[in-house]
Amino acid sequence: MQLSDAEKQVERHRRLFKKITQRGPDAFNKLCDICAALHYDTALGILRPDRYVSIKSNKMAISSGSMNHCQQNANYINNNTSSNNNDDSRRSSISIDDDEDNGDGAYQQTDRRRSSSKTLDSVSVLQEYTGEICPKDKFEVKRAARILKHPSLDTYPMQSKENRGVFFMVNMINFPVETHRRDGADEDTHSLLYLFKQLGFKLFSYTNLSHEVFFDILGKLLKSDYTKNTECFVMALMTHGDMDDSVQRITFSDGSVVKVKDIEDYFNHHVCENLVNKPKIFLFPFCRGDMLEHGVINKVQTDSIQYNTHRIKNIPILSDLIVCYATSEGFKAHRDPADGSWYIQSFVKNMAKNAHDTSFEDILKNIQADTLKLRTIDGSLQTANYVNRGFNKALYFNPRIWLE
């Protein structure tokens with residue numbers, strides 16, 4: 001349907017306000033303060049009706065967001081805490097059509113199974129996760145019959161008992177804005193922990209981090225003996241995401257927005273020598289835009305790629321990396337409020353079923369096929385995919401079998 005000029009202007013304003021809310025709490029609060037100073041009460045009522053006092057005098061409206069932002073985000077969840085596993089009350093009746101990972105915001109309710117609050121200093125301590133792991137569905141990993149090698153490709157070594165892998169997971173569930181809590185995301189936390197514990201990985205799990213704490217922990221981990229000695233590294237980063245001018249950004253629990261490339265740069269070989277020539281896997285199940293994918297009928301798209309055959313001797317800036325995406329660029333990723341992310345749950349199920357005898361890239365194809373079968377109430381789907389960046393060897397996880 002063709003929009004009128006007035007409707008186009010309203011849509012432009014809507015998209016502008018949406019982008020402002022995704023640029024962190026400071027930018028949004030400053031806009032609200034300006035509206036308050038100019039007595040734009042109608043705009044204030046639309047932007048933040050619950051936090052601003054509408055006035056028609058010369059007094060400034062008071063923003064609880066700008067006054068109490070530090071207090072609002074003071075509670076973070078440590079990676080080494082646990083409590084009870086009675087979480088039925090956190091179940092939401094929100095339709096999965098309305099629960100995609102492409103917005104900012106949430107509130108301070110924590111995962112009841114890991115609910116102890118810590119200060120920023122304590123949460124940034126690097127230590128293995130030893131807390132309770134209780135996924136709703138327990139997918140058991142089959143034991144490998146032997147250490148596998150690919151018949152025609154080089155194979156990454158995965159045979160150590162003590163240093164098989166490092167699994168680093170950060171799950172943002174709560175945000176400054178109440179309505180965008182990622183319900184169901186805690187199921188992904190426990191499903192992934194259960195999987196990678198069975199695969200023999202050392203676990204590092206964190207929830208609701210600011211971007212400062214995240215980068216502090218990541219830097220410590222990448223310089224630690226954990227990554228120096230490991231055979232494989234996996235990072236799962238679960239949060240709200242969006243694509244702006246072809247740049248992927250994600251939101252942290254303090255409302256800050258960070259480019260994904262800024263995270264990937266931490267793994268460049270001149271920065272992270274501990275993981276050179278080792279397989280690295282990024283799990284990025286967040287949204288990559290705000291479009292809903294409905295598919296097409298009888299239409300196939302193909303891309304041609306030009307290859308550079310020039311031989312070089314120096315190593316690339318970043319290689320041996322697979323980045324796993326839950327959806328295509330520009331589109332939303334879906335999450336069930338009770339059972340978690342479509343992609344993560346498919347990932348866990350297929351890894352548990354096939355990791356004992358199937359290479360990782362072949363497992364990814366199964367994951368993508370399973371995810372593609374799912375639909376929302378209105379028929380929306382998502383196309384999972386992965387990017388191979390110099391991941392030129394076969395990777396077998398060889399669960400529960402080792403040579404050293």
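See the values below:
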| quantity | calculated |
| --- | --- |
| Residue in region 316-353 that is surrounded by the most Cβ atoms within 10 Å (Cβ to Cβ), counting only those that are among the hydrophobic types (A, V, I, L, M, F, W, C) and more than 20 Å from the chain's Cα centre (by Cα) | Ala352 |
| Restricting region 353-400 to residues that are small (Gly, Ala, Ser) and in contact (Cβ under 8 Å) with a residue 12 or more places away in the chain, the residue that is nearest to Phe201 (Cα to Cα) | Ala355 |
| Yes/no for Val234 being open to solvent by 10 Å² or more (accessible area, probe 1.4 Å), β-branched (Val, Ile, Thr) and either touching a strand residue (DSSP E or B) at 6+ places or on another chain (Cβ under 9 Å) or touching a residue at least 24 places away in the same chain (Cβ under 8 Å) (or both) | no |
| Odd one out for Ile317, checked against (1) touching a Ser or Thr at 6+ places or on another chain (Cβ under 7 Å); (2) at pLDDT below 85; (3) over 23 Å from Met172 (Cα atoms) | (1) |
| Per-region count, region 126-152, residues in contact (Cβ under 8 Å) with a residue 12 or more places away in the chain and either of a type in the set (A, V, I, L, M) or open to solvent by 100 Å² or more (accessible area, probe 1.4 Å) (or both) | 15 |
| Qualifying residue in region 210-228 (condition: surrounded by 22 or more Cβ atoms within 10 Å (Cβ to Cβ) and assigned to a loop (DSSP other than H, G, I, E, B)) | no |
| Selection within region 165-180 - open to solvent by 10 Å² or more (accessible area, probe 1.4 Å) and among the hydrophobic types (A, V, I, L, M, F, W, C) | Val177 |
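So that you can scan it fast, the table gives a plain yes or no per residue for (1) open to solvent by less than 30 Å² (accessible area, probe 1.4 Å); (2) of a type outside the set (Phe, Trp, Tyr); (3) in the same structural domain as Asn163 (by the TED database):
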| residue | (1), (2), (3) |
| --- | --- |
| Ala355 | yes, yes, yes |
| Ser359 | yes, yes, yes |
| Ile363 | yes, yes, yes |
| Ile367 | yes, yes, yes |
| Lys373 | no, yes, yes |
| Thr383 | no, yes, yes |
| Tyr396 | yes, no, no |
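The values are calculated or read from the model by the stated rules, or taken from the named source; none is laboratory data. Treat the numbers as computed from the prediction; the structure is a model and nothing was measured. Positions of Cβ are backbone-derived with ideal geometry, glycine not excepted, and every protein chain shown enters the neighbour counts. These accessible areas exclude ligands, DNA and RNA; they are computed on the full protein's heavy atoms, side chains included. Shrake-Rupley method; radii C 1.70, N 1.55, O 1.52, S 1.80 Å.
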